[in-house]
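Colleague: One structure coming up, written as structure tokens, with questions to follow.
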Amino acid sequence: MIVKCTGLIDDTVSVIIGGEAGQGVSRSGILLGKALMRAGFHCYGRIDYPSLIRGGHNFYQLRASAREVHCPSPRADILVALNKESVLLHIDDLNPEGGVIYDENVSFESGEVTRDDLTFYPIPFTNIVKEIGGPTIMRNTVALGSAAALIGLDMNLLKDIVSETFKGRDRIIEMNHEAIQRGWQKVIEFDYSFKCGVEAGERPERIWVTGNEAVALGAIQAGCKFFAAYPMTPASAALHYLIAHEEETGMVVLQPESEIAAICMTVGASFAGVRAMTATSGGGFALMIEGLSFSAMTETPIVTMLAQRPGPSTGLATYTAQADLFFAVFGGHGEFQRIVVAPGDMEECFHLTAEAFNLADRFQIPVIILTDKALIENHKTSATFDTSSYKIDRGKLVDSWESNEEYLRYKFTDDGVSPRAVLGTENAVVLVQSNEHTERGFVTSKPKATKEMMDKRFRKVPHIRDAVEQLEPVKVYGDEDPDVTLFGWGSTKGPVLEAIGMLSKKGVKTRFVQVRFMEPFPSGITQYLEGACVLFETNRSAGLGTLIKFNTGFEFQHVALKYDGRPFFADEIVDKVMEVWTC
């Protein structure tokens with residue numbers, strides 16, 4: 001059976017679930033997204049919350065369609081309001097003829113509700129929960145039942161998701177099922193004709209995943225056996241996911257006392273021979289810089305995820321930005337090799353994380369996975385990750401030293417990569433030094449030896465470039481003969497891909513050039529720097545544009561920058577491209 005989706009303005013159904021922190025807003029969006037996925041739909045979910053310990057307005061923006069959706073919509077068809085504030089804050093975000101589901105105990109004063117083109121559905125959230133003896137937070141489950149009824153989603157799909165979520169807690173499952181049933185029934189009792197709805201089809205082989213979860217799964221796939229991180233939004237969920245799966249993966253997962261401790265532990269674990277990773281955001285990465293440089297000097301491979309958010313300092317701790325690009329590419333003490341990879345969707349978070357470990361091991365360098373809040377905290381349906389072609393490559397890691405020659409940890413080689421033994425390796429005495437050193441590992445400050453060792457490390461550069469070129473550092477989507485070429489990276493990928501389809505309907509041919517590796521910078525990008533080009537980034541300084549100019553000499557004449565902490569919407573990209581196309 002083919003799935004069908006009818007929205008109020010296009011082929012997507014968009015729902016906003018709003019409430020106060022602690023009312024289960026995020027959980028509600030996740031459950032509804034999973035249910036819609038099981039019904040055969042592609043979904044995208046965005047969570048928005050302030051940097052508060054308690055309270056504050058939260059909302060989850062869910063979008064579903066029979067086709068793949070890459071980003072949220074700026075407007076919604078349905079508002080599920082768990083408190084009065086949510087109605088007042090989001091009423092202008094609804095499409096004409098939209099629906100508002102809210103608690104019937106809420107009353108509005110004259111003039112508070114200014115729109116007469118919406119249908120309101122007062123549902124007794126609070127009273128239903130009291131009747132079934134559930135906790136107050138279960139009001140969100142009543143609301144989900146009502147939302148499912150309004151769009152025609154089978155409530156049994158929601159019940160199945162609840163049963164899986166609360167497996168082993170039979171009483172909780174029973175009450176939630178009753179809450180869904182009653183919320184559903186209350187909407188059915190209304191005499192309405194809502195124009196927005198879905199028709200389910202066959203259950204697809206998809207997963208409902210965040211970028212953080214995809215990165216964590218990529219680390220598991222790569223055989224990572226040690227992960228240390230100090231919690232910092234938006235990277236914390238990767239730590240939480242790996243801790244929850246510590247036993248089944250055999251990974252040691254630690255939350256140490258600081259980011260400094262986290263990266264030093266990561267270097268230490270790698271030095272002991274296991275694949276190791278850490279994750280943080282900008283403020284934590286600042287503390288990790290010395291450890292990153294330590295990894296480079298000792299030629300100890302590590303993987304670090306830098307999850308961007310707005311700064312300076314604490315900035316907007318729970319919102320998104322792409323403003324740490326230079327920090328990732330250039331941050332550190334002295335000159336050393338690194339790889340900086342910037343995935344743009346959940347599949348890339350998984351696959352490029354797994355590849356990051358191979359690159360780190362092969363070249364004995366730090367690899368940085370550069371993400372941002374909009375990418376790693378949002379949910380998206382994805383095909384099950386294909387792992388059939390992935391192979392672990394530990395590079396020149398040796399189990400024992402069989403040569404008659406003395407083992408030299410920093411031995412000069414043609415490619416700059418030395419045989420790597422760990423402490424306890426048979427027949428090898430391993431000396432590792434964070435000061436400049438000789439091949440043997442002894443400290444040196446002699447000019448000739450210093451130059452030779454620096455040159456040795458830099459002999460890796462062409463080989464690193466060759467390896468990166470095999471991983472599609474630049475991906476191109478859209479028309480081969482475009483009117484306008486769009487450039488971007490990271491989380492801008494989703495809204496740009498969405499915009500390409502919208503622009504096609506307007507008769508505008510476009511292509512998207514996605515830069516996936518920032519260091520070493522891909523040389524192949526130059527062939528696309530012609531004609532009308534527009535750059536999209538969520539920062540104020542056009543970091544990618546600056547890197548492109550630095551590496552190619554090309555300077556963008558058309559730039560769209562967004563730096564209010566929110567991601568791009570496809571409509572904003574369409575407006576900018578139309579402006580360029582018509583000028």
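Colleague: Can you name every residue in the stretch 352-391 that is charged (D, E, K, R) and within 14 Å of Val341 (Cα to Cα)?
Modeller: Glu355, Asp372
Colleague: Further, regarding this structure: From the list Val468, Val515, Val484, Val496, exactly one residue is more than 20 Å from the chain's Cα centre (by Cα), closer than 23 Å to Lys562 by Cβ and crowded, with 19+ Cβ neighbours inside 10 Å. Which is it?
Modeller: Within the list Val468, Val515, Val484, Val496, the selection yields Val484.
Colleague: Could you tell me which residue of the stretch 19-30 is nearest to the chain's Cα centre (by Cα), considering only residues that are of a type outside the set (Ser, Thr, Tyr) and surrounded by 23 or more Cβ atoms within 10 Å (Cβ to Cβ)?
Modeller: So, considering only residues that are of a type outside the set (Ser, Thr, Tyr) and surrounded by 23 or more Cβ atoms within 10 Å (Cβ to Cβ), the one nearest to the chain's Cα centre (by Cα) is Gly29.
Colleague: Suppose we keep only residues that are at pLDDT 95 or above and of a type in the set (Ser, Thr, Tyr) within the stretch 142-172. Which one would you say is surrounded by the fewest Cβ atoms within 10 Å (Cβ to Cβ)?
Modeller: Checking each candidate, the answer is Ser163.
Colleague: Here is a further query. Restricting to helices (runs of 4 or more DSSP H) lying wholly in the stretch 456-561: which have 2 or more residues that are closer than 20 Å to Met578 by Cβ?
Modeller: Helices (runs of 4 or more DSSP H) meeting the threshold: 493-505.
Colleague: If you don't mind, another one. Please tell me if Gly545 is touching a Phe, Trp or Tyr at 6+ places or on another chain (Cβ under 9 Å), small (Gly, Ala, Ser), outside the structural domain of Gly344 (by TED's automatic domain parsing) and over 14 Å from Thr526 (Cα atoms).
Modeller: The answer is no for Gly545.
Colleague: Taking helices (runs of 4 or more DSSP H) that fall entirely within the stretch 208-306, which contain at least 2 residues that are closer than 24 Å to Tyr44 by Cα and modelled with pLDDT of 95 or more?
Modeller: Passing ranges, in order: 211-221, 236-244.
Colleague: Condition check: within 23 Å of His70 (Cα to Cα), in contact (Cβ under 8 Å) with a residue 40 or more places away in the chain and in the same structural domain as Phe227 (by TED's automatic domain parsing). Does Ala374 satisfy that?
Modeller: yes
Colleague: So which pairs qualify, if the first residue must be in the stretch 342-366 and touching a residue at least 12 places away in the same chain (Cβ under 8 Å) and not assigned by TED's automatic domain parsing to the domain that holds Arg275, the second must be not acidic (Asp, Glu) and not in a loop (DSSP other than H, G, I, E, B), the Cβ gap must be under 7 Å, and the two must be at least 6 apart or on different chains?
Modeller: Qualifying pairs under 7 Å: none.
Colleague: For the list (1) crowded, with 17+ Cβ neighbours inside 10 Å; (2) within 27 Å of Glu498 (Cα to Cα), I need the number of the one condition that Lys460 fails.
Modeller: (2)
Colleague: Right, Lys460: within 24 Å of Ser382 (Cα to Cα) and either basic (Lys, Arg) or at pLDDT below 95 (or both) or not?
Modeller: no
Residues are listed down the side, and each one gets a yes or a no for (1) modelled with pLDDT of 95 or more; (2) more than 30 Å from Arg206 (Cβ to Cβ):
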| site | (1), (2) |
| --- | --- |
| Ile78 | yes, no |
| Lys84 | yes, yes |
| Ser110 | no, yes |
| Asn127 | yes, yes |
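Colleague: Next question. Could you grab me the full set of residues in the stretch 376-411 that are under 23 Å from the mean Cα position of the chain (by Cα) and among the β-branched types (Val, Ile, Thr)?
Modeller: Ile376, Thr381, Thr384, Thr387
For every residue, the table says whether it meets (1) without any contact (Cβ under 8 Å) to a residue 40 or more places away in the chain; (2) not aliphatic (A, V, I, L, M).
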residue	(1), (2)
Ala200	no, no
Arg203	no, yes
Arg206	no, yes
Val209	no, no
Val215	no, no
Ala219	no, no
Gly223	no, yes
Ala238	no, no
Leu242	yes, no
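Colleague: Return a yes/no flag: does the stretch 100-116 have any residue that is of a type outside the set (Asp, Glu), surrounded by 18 or more Cβ atoms within 10 Å (Cβ to Cβ) and in contact with a Leu (Cβ under 6 Å, 6 or more places away or on another chain).
Modeller: Yes: the stretch 100-116 contains one or more residues that are of a type outside the set (Asp, Glu), surrounded by 18 or more Cβ atoms within 10 Å (Cβ to Cβ) and in contact with a Leu (Cβ under 6 Å, 6 or more places away or on another chain).
Colleague: Among (1) over 30 Å from Thr582 (Cα atoms); (2) crowded, with 16+ Cβ neighbours inside 10 Å; (3) polar (S, T, N, Q), there is one condition Thr450 misses while meeting the rest; what is its number?
Modeller: (2)
Colleague: Another one. In this structure, does Cys5 turn out to be assigned to a strand (DSSP E or B) and modelled with pLDDT of 95 or more?
Modeller: Here the answer is no, as Cys5 does not meet what is asked.
Colleague: Looking at Arg394 and the list (1) over 30 Å from Tyr49 (Cα atoms); (2) surrounded by 22 or more Cβ atoms within 10 Å (Cβ to Cβ), which single condition is not satisfied?
Modeller: Of (1) over 30 Å from Tyr49 (Cα atoms); (2) surrounded by 22 or more Cβ atoms within 10 Å (Cβ to Cβ), only one is false for Arg394: (2).
The values are calculated or read from the model by the stated rules, or taken from the named source; none is laboratory data. Fair warning: this is a prediction, and the values are worked out from it, not measured in the lab. Methodologically, a virtual Cβ is constructed for each residue, glycine included, from the backbone with ideal geometry; neighbour enumeration extends over all protein chains shown.
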